[in-house]
Amino acid sequence: MDISDGTFKTFEADHYGFIMHTGNTYMDGDSMIVDFEMYVEAPVQPFSSLDFDYVNNPNRKGLAMGSRFRRYNINIKTGVISHTDTLSYEQDNAGFPIINPNWQAKKNCYSYISELQNQAKFNAVVKVDHCNPSKTTRW
């Protein structure tokens, strides 16, 4: 949206996705880079993982939610949208992406996201290195 006159453009990707939380957004030349926690082709809605009957069940199985942590590249001039799956889960999920607040709206290398592996009965914090995608760290 142009703040000076209120005009705006809309963009459409070639697929559906349910966006839960946004990580960082910044401009890189003509492209808007946006990190999302989202769910695609999800047979189970993401809130099911928070159901206490499910969480407290010692025999629980993973939930097929189609969780993705995606980085979208939206070219503002051409309208072309591309994306990469930074983290991808067929079962269980990862959520609540954050970055160092000093880097908000700036090009950055690191995102942190909570990994919720309910079936395996563990959670982790994942450090995603966008500058070196092969370096993903879990604690």
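For the stretch 27-41, give me each residue that is within 15 Å of the chain's Cα centre (by Cα) and either in a loop (DSSP other than H, G, I, E, B) or within 13 Å of GLN104 (Cα to Cα) (or both).
Once the filter is applied, which keeps residues that are within 15 Å of the chain's Cα centre (by Cα) and either in a loop (DSSP other than H, G, I, E, B) or within 13 Å of GLN104 (Cα to Cα) (or both), the stretch 27-41 yields ILE33, VAL34, ASP35, VAL40, GLU41.
Please count how many residues of the stretch 54-86 are without any contact (Cβ under 8 Å) to a residue 24 or more places away in the chain, part of a loop (DSSP other than H, G, I, E, B) and either open to solvent by less than 70 Å² (accessible area, probe 1.4 Å) or among the β-branched types (Val, Ile, Thr) (or both).
The total comes to 2.
Looking at ARG138, ARG70, which is the one that is of a type in the set (Lys, Arg), under 20 Å from HIS15 (Cα atoms) and modelled with pLDDT of 75 or more? Break it down stepwise before answering.
Working: ARG138 fails: under 20 Å from HIS15 (Cα atoms).
Being of a type in the set (Lys, Arg), under 20 Å from HIS15 (Cα atoms) and modelled with pLDDT of 75 or more holds for just one of ARG138, ARG70, which is ARG70.
Which members of the stretch 101-124 meet the condition of being open to solvent by 70 Å² or more (accessible area, probe 1.4 Å) and either in contact with a helix residue (DSSP H, G or I) (Cβ under 6 Å, 6 or more places away or on another chain) or not hydroxyl-bearing (Ser, Thr, Tyr) (or both)?
Listed by number, the residues that qualify are PRO101, ASN102, TRP103, GLN104, LYS106, LYS107, GLN119, LYS121, PHE122, ASN123.
So VAL126 passes all but one of these: (1) part of a strand (DSSP E or B); (2) within 18 Å of VAL55 (Cα to Cα). Which condition number does it fail?
Among (1) part of a strand (DSSP E or B); (2) within 18 Å of VAL55 (Cα to Cα), the lone unmet condition for VAL126 is (2).
I'm trying to understand the selection: among the residues of the stretch 129-139, which are assigned to a strand (DSSP E or B) and open to solvent by less than 100 Å² (accessible area, probe 1.4 Å)? Please lay out each step first, then the result.
Taking the stretch 129-139 first, the residues assigned to a strand (DSSP E or B) are 129, 136-138.
Result: ASP129, THR136, THR137.
The values are calculated or read from the model by the stated rules, or taken from the named source; none is laboratory data. All values reported here derive from a predicted model rather than from experimental measurement. In this analysis, Cβ positions are derived from the backbone assuming ideal geometry, glycine residues included, and neighbour counts consider all displayed protein chains. Only protein heavy atoms, including side chains, enter the accessible area calculation; ligands, DNA and RNA are left aside. Shrake-Rupley method; radii C 1.70, N 1.55, O 1.52, S 1.80 Å.
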